[in-house]
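The values are calculated or read from the model by the stated rules, or taken from the named source; none is laboratory data. No experiment lies behind these values; they were computed from the predicted model shown. When we count neighbours, we look across all protein chains shown, and the Cβ atoms used for this are built from the backbone with ideal geometry, even at glycine. Only protein heavy atoms, including side chains, enter the accessible area calculation; ligands, DNA and RNA are left aside. Shrake-Rupley method; radii C 1.70, N 1.55, O 1.52, S 1.80 Å.
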Amino acid sequence: MDSQLLSVLLLLLLGASGLWGQGPGPGGPSEEPQKEEVPEEDGILVLSHRTLGLALQEHPALLVEFYAPWCGHCKALAPEYIKAAALLAAESAKTRLAKVDGPSEPELTKEFAVTEYPTLKFFRDGNRTNPEEYTGPREAEGIAEWLRRRVGSSTTRLEDEEGAQALIDAQDVVVIGFFQDLQDEDVATFLALAQDALDMTFGLTDRPQLFQKFGLTKDTVVLFKKFDEGRADFPVDEELGLDQGDLSRFLLTHSMHLVTEFNSQTSPKIFAARILNHLLLFINQTLAVHQELLAGFREAAPPFRGQVLFVVVDVGADNNHVLQYFGLKAEEAPTLRFINMETTKKYMPADQGLVTAASVTAFCHSVLNGKVKPYLLSQEVPPDWDQRPVKTLVGKNFEQVAFDETKNVFIKFYAPWCTHCKEMAPTWEALAEKYRDHEDIVIAELDATANELEAFAVQGFPTLKYFPAGQGRKVIEYKSARDLETFSKFLDNGGKLPEEEPIEEPSAPFPETIANSTTDLKEEL
């Protein structure tokens, strides 16, 4: 066989076996490697450190939830997140929703500084460096609206009287910015605020005839409402311009009814108003004699707008948690209570007589002027409080037990709903049993959600404090491991661990505190 024929045969064999780099293989011409696709679940993109970059390239507006499979808040958000994705898909919106399993993707949680779950971040135009923190609601329509206002317009441009009146008539609360120059910096401030005020409808105009129609001569933001005084004006400061924080507080304050009835729909707005002082009237709405008190309550409200929020709580409705928080029983209505949301200090009127405009006004002034002392919640002392190894403390017997100069007292401050407290309960019982015959050692517990203390406030659960015998009212906070052996060493060593033992903080990914629990005041009310 000559050399030319041998070369032809060799070429044919290489092509047939697919070894020839540029030639056809058994499946025809060589194919380009397929691009990785981002998987989906229920309309939600499921991202990893490999696919996040791809998703950012494909979707110019991307909301990403960092979640943990064990997180209760994440589980509660999940169905709303799915509904929001469906709402946006039905509108053919450009925005997509995605999720990242945080514990399984440590590279991403580190990159985006995720420290709690769920954390949501909004990525625009593929920008991976500076995502925007999600600040909206945790329900479907709120999520969708928050995104709509970022990818579309957050305000309606008004050109004539007919359009302005139609907008005002369409909603209970409408905010219109009247600006003579729409290129002014104040307009940008107004538009930025409109992106986040999801429960209000916004309009914008520069038309002189609209200034004239509504009696305006200078740049002004006007809140129109179908209740109370009907309108509230916020003139733009000609020297300082429009301050977003001041405008936000103004809108929140004036979009509230002078008197708001507490329920599941109004409670989020009550707390969002950022008015620290709340006056609550507890009545039974089924009783005519109680309903008659509302007139005087409303009459007293206007002078305190922006300083005190007036709230009505119906004791006949599903508001037992509110009554419990204030230490009230339904049969005590009608009655007033005052609370400062920052300090959580509660006040009651000295005179529990008839609720009138005069008595309500006087009570408010007395609290605001510091003439009324706050009251502390306390359960009654149980008859058998000292019969069990773990002694039961309440507000009324705390001082005499904790600061007994002859005893070393170790107290667990707990919340009935706290899972960490429940897990630690058997160990605490075992500790009390172990030291039940030590006359100078007392192991006790106090429900810090039903008993308030003048000495200090309890914020996290469980909180463990040691009160050593002797004078001086000393208090030592225990911050070591929560097991019987370490507890015992702590007690045997006089309220401190042996120096050779390093103190280990109890591990808990997210400690249970008043601020993030279901009994937080904002959750309870």
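So which residues in the stretch 391-423 are under 19 Å from GLN324 (Cβ atoms) and part of a loop (DSSP other than H, G, I, E, B)? VAL394, ALA415, PRO416, TRP417, CYS418, listed by residue number. Taken over the stretch 404-434, the criterion of being of a type outside the set (D, E, K, R), in contact with a strand residue (DSSP E or B) (Cβ under 6 Å, 6 or more places away or on another chain) and open to solvent by 10 Å² or more (accessible area, probe 1.4 Å) is satisfied by ASN408, TYR414, HIS420. Taken together, the residues in the stretch 98-121 that are in contact (Cβ under 8 Å) with a residue 12 or more places away in the chain and more than 19 Å from SER48 (Cβ to Cβ) amount to 1.
For the stretch 331-363, filtering for residues that are β-branched (Val, Ile, Thr) and under 24 Å from GLU292 (Cβ atoms) leaves 5. Of all residues in the stretch 454-502, how many are outside any strand (DSSP E or B), farther than 20 Å from ALA430 by Cα, at pLDDT 90 or above and within 33 Å of the chain's Cα centre (by Cα)? Adding up the residues that qualify gives 1. Go through LEU204, LEU247, LEU223, LEU280 for me and flag whichever is in a strand (DSSP E or B) and under 25 Å from the mean Cα position of the chain (by Cα). Every option except LEU280 fails the conditions.
Hey, can you tell me all the residues within the stretch 359-386 that are in contact with an Asp or Glu (Cβ under 9 Å, 6 or more places away or on another chain) and open to solvent by 70 Å² or more (accessible area, probe 1.4 Å)? Residues satisfying the conditions are LEU376, GLN379.
Before we move on, is VAL322 under 30 Å from ILE176 (Cβ atoms), open to solvent by less than 30 Å² (accessible area, probe 1.4 Å), not assigned by the TED database to the domain that holds PHE202 and not charged (D, E, K, R)? Write out each step before concluding.
Working: under 30 Å from ILE176 (Cβ atoms): no; open to solvent by less than 30 Å² (accessible area, probe 1.4 Å): yes; not assigned by the TED database to the domain that holds PHE202: yes; not charged (D, E, K, R): yes.
Considered against the rule, which asks whether it is under 30 Å from ILE176 (Cβ atoms), open to solvent by less than 30 Å² (accessible area, probe 1.4 Å), not assigned by the TED database to the domain that holds PHE202 and not charged (D, E, K, R), VAL322 comes out as no.
Pairing each residue of the stretch 171-192 that is in the same structural domain as SER248 (by the TED database) with any residue that is assigned to a helix (DSSP H, G or I), provided the two are 6+ apart or on different chains, yields C-beta distances under 6 Å for VAL174/LEU167; VAL174/ILE168; GLY177/PHE190; PHE178/PHE211; PHE179/VAL187; THR189/GLN244. When LEU328, LEU294 are screened for being over 24 Å from GLN459 (Cβ atoms) and open to solvent by less than 80 Å² (accessible area, probe 1.4 Å), only LEU294 passes. Residue pairs whose Cβ atoms lie under 6 Å apart, sitting 6 or more positions apart in sequence or on different chains, and linking a residue in the stretch 124-146 that is touching a residue at least 24 places away in the same chain (Cβ under 8 Å) to a partner that is open to solvent by 90 Å² or more (accessible area, probe 1.4 Å) and not in a strand (DSSP E or B), are GLY126/GLN57; ALA140/LYS83.
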